[in-house]
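Taking it in order: structure first as structure tokens, then the write-up.
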Amino acid sequence: MATFLNGPLALGLTALMLGACASGGGQSMDAGQRMSARGDSISGRGAEWSDGQRDVRKGEQMLARSIDDAAGAEKKLRKAQEKARKAEQQIMTAQRDRQAAEQLVAAGTAQMRRAEADYSAIRGRPPVVLQQ
């Protein structure tokens, strides 16, 4: 038998056995091992799904917060615009009042000058003698 295993047939048989061990490893797994390997694969996908779900929740919260922030800022902007409009109206009213006041001062000054001129004219006349 020593001659039988020492020849080319022994070499072929050894190669065949080694090949069967290397390629048959996946086929020789029992059902539990296959389920375990499948479970690891499924578990990885489950973790990815959970991570995605967490990102969706976080994104939804950020979205809701940004919508609220934008609404609050728009409300503040409307209030500020209303205050600015009221301030502009106050400025216009104050400018009209100032013009009216300046005209009143000018008219009053002119009236006072006329009164002074009239008084000076009367004062420069000879006195009026009243007869009794």
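What follows draws every value from the coordinates through simple rules; no lab data is involved. Everything numeric here is computed off the predicted structure, so don't read it as measured data. Please note: Cβ atoms are built from the backbone with ideal geometry, for glycine as well, and neighbour counts cover all protein chains shown.
Summary of computed values
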{"read-out": "Pairwise label distance in nanometres, ASP55 with TYR119, each label 7 Å out on the Cα-Cβ vector", "value": "9.3"}
{"read-out": "FRET efficiency, 1/(1 + (r/R0)^6) with R0 30 Å, evaluated for GLN95 and GLU74 via beta carbons", "value": "0.45"}
{"read-out": "Percentage of interatomic Cα-Cα distances in segment 54-132 larger than 15 Å", "value": "79"}
